[in-house]
Amino acid sequence: MRRLRATLLDLAHATLRDGREHTREFDTFTLGLQVRADDGHETYLAIRITGSVPSNLTVLILRNVPGCEAEGWYPEYALPERDLLPAEQAWSNLMDPRVAAQVLDEER
């Protein structure tokens, strides 16, 4: 669980810096995050998982994304700049801009 939380923070930090999708590979799946934020507008976060995910891991991932409400996730059929790949699942949520600023300010 500690590794998963650290990975989510690392990915969130990286994508907040440049707005691009950042990924991390695990044994059986790949996890990707992408945040889109404009000054004065909502902070949109997309998360995707590609590959074989152990049961209940998806719920753990979505519950541990910083700044996103656990009940706020919506399934997606595409990501901001591309369609989904085979064996890929994606969700979106709004990220609290205050949490986004905190994550961005942290040293990684």
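The values are calculated or read from the model by the stated rules, or taken from the named source; none is laboratory data. Because the structure is a prediction, the values reported are computed rather than measured. Backbone-built Cβ (ideal geometry, glycine too); neighbour counts: all protein chains shown. Surface accessibility is based on the protein's heavy atoms, side chains included, excluding ligands, DNA and RNA. Shrake-Rupley method; radii C 1.70, N 1.55, O 1.52, S 1.80 Å.
Considering V53, V59, the condition of being without any contact (Cβ under 8 Å) to a residue 60 or more places away in the chain, open to solvent by 30 Å² or more (accessible area, probe 1.4 Å), part of a loop (DSSP other than H, G, I, E, B) and of a type in the set (V, I, T) is satisfied by V53 alone. Screening H13 on (1) outside any helix (DSSP H, G or I); (2) surrounded by 15 or more Cβ atoms within 10 Å (Cβ to Cβ) shows it passes everything except condition (1). Counting the residues of the range 72-108 that are in a strand (DSSP E or B) and out of contact with any strand residue (DSSP E or B) (no Cβ under 9 Å at 6 or more places or on another chain) gives 2. Scanning the range 62-85 for residues that are under 13 Å from the mean Cα position of the chain (by Cα), under 22 Å from L16 (Cβ atoms) and open to solvent by 80 Å² or more (accessible area, probe 1.4 Å) yields a count of 3. Looking across the range 86-106, the residues that are open to solvent by 30 Å² or more (accessible area, probe 1.4 Å) and either more than 22 Å from V59 (Cβ to Cβ) or hydroxyl-bearing (S, T, Y) (or both) come down to P86, P97, R98, A101, Q102, L104, D105, E106.
Checking each residue of the range 39-49 against the condition of being in contact with a helix residue (DSSP H, G or I) (Cβ under 6 Å, 6 or more places away or on another chain) and not acidic (D, E) gives at least one match.
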